[in-house]
Structures are given as C-alpha cells and as structure tokens.
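The values are calculated or read from the model by the stated rules, or taken from the named source; none is laboratory data. Given the structure is predicted, the values throughout are model-derived calculations rather than measurements. Note: ideal-geometry Cβ built from the backbone for every residue, glycine included; neighbour counts use all protein chains shown.
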Amino acid sequence: MTESTTIELRINGEVHSLEVETRRTLLEVLRQDLQLTGTKRGCNQGVCGACSILVDGNSIRSCLSLAVAMQGRDIVTIEGLGDGARLDPVQQAFLDAGAIQCGFCMPGMIISAKALLDKNPRPSKAEIRHALGNNICRCSGYVKVIDAVHRAATT
Ligand code: FES
Ligand code: FES
C-alpha cells in the first residue's frame, strides 16, 4: 500500500493544502493536481531541464523532487512570472529575440534564466551558456536563447 500524507505547498505566493502519496514528484503534483501545466515533463530523469522551477530562488528539476520534501519552501513556476497583465522581462526578452520555436523547453529555459539574472543581473554570454547548459532544446534554438537572456540583462 502506498502511503499518503497531507502537505502544504507555497506556490506562486499561494498556499495549497494537498493529500499526496509520499512517492509522488513535485512535477506530478504541479501538473496533475494543480493543473500548473506550464512546467513540462520531458525526460522525467533530471536530464533535459524542461521541468525546471524556482525553489527559494534556485532553478531545480521538479521531476527529481518529492512533493513532500517541498513543504516550507518558496516555489515559483512559469505561471508565477509576470503579473497577469504583463510578462516578466525575461519572458518578454525571449519573445522579442524570437527565441521560441515549438516552445516545449521554454518554461524551463526561462526559469533557469530568471534564477541566473536574479543572482547576476549582468552575466556574460559565457555565464549565460553555463547557467542554461543543462536545459535541452530539441529545436536547437540555443543561439537565440542566449541572445534573449543577454537582451533581458541589458535592457
Ligand atoms: Fe525533469 Fe527532464 S523532465 S529534467
Ligand atoms: Fe522546441 Fe526548444 S523550442 S524544444
């Protein structure tokens, strides 16, 4: 029998009380229980970065994180960026740079970029490449992605 427990998760500034099986990942809970489907399920093995979210300001892989381990943490998903009326400047920069192709990797890329820029507002292109080095884009749009983050840092 699988064990369940009640947890509270603070996501995008809102506290959610949820009954979850202790074996479930945060990615599953975000997408299936809370319908926060902007966070993507790619490899589900910690490799592609599509499931990246911010936890206490750091970009982490939600497919590798148990939901029960996230209590008391400050979680931000792609839905938590911007203010509803306006995109976050990082999202806008991706649009302006034409960095988006199919879009599947974009939430993870933008979250990783956001984590970088919040800590280092003026990164070099080498630092941007390093920070996004573990986010895979199947459409191979890396040049424009790096340009987008650089644009966000310099405008
Ligand atoms: Fe989590 Fe690929 S889905 S790293
Ligand atoms: Fe298609 Fe990156 S834009 S996977």
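Some values worked out for this structure:
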item	result
When residues of region 40-57 are limited to those that are more than 16 Å from ligand 2 (Cβ to nearest atom) and either of a type in the set (A, V, I, L, M) or within 14 Å of Asp118 (Cβ to Cβ) (or both), the one nearest to the chain's Cα centre (by Cα)	Ile53
Qualifying residues in region 60-76 (those that are within 14 Å of ligand 1 (Cβ to nearest atom) and surrounded by fewer than 22 Cβ atoms within 10 Å (Cβ to Cβ)) - the one nearest to the chain's Cα centre (by Cα)	Ile60
Among (1) within 13 Å of Gly57 (Cα to Cα); (2) away from ligand 1 (no atom under 16 Å from the Cβ), the one test that Gly82 misses	(1)
Checking Cys48 against (1) surrounded by 21 or more Cβ atoms within 10 Å (Cβ to Cβ); (2) more than 16 Å from ligand 1 (Cβ to nearest atom), the condition it does not meet	(2)
Single match in Arg24, Arg10 (criterion: touching a strand residue (DSSP E or B) at 6+ places or on another chain (Cβ under 9 Å), at pLDDT 95 or above and surrounded by fewer than 17 Cβ atoms within 10 Å (Cβ to Cβ))	Arg10
Enumerated helices (runs of 4 or more DSSP H) restricted to region 98-155, each holding at least 1 residues that are buried (at least 22 other Cβ atoms within 10 Å of the Cβ) and touching a Lys or Arg at 6+ places or on another chain (Cβ under 7 Å)	106-119
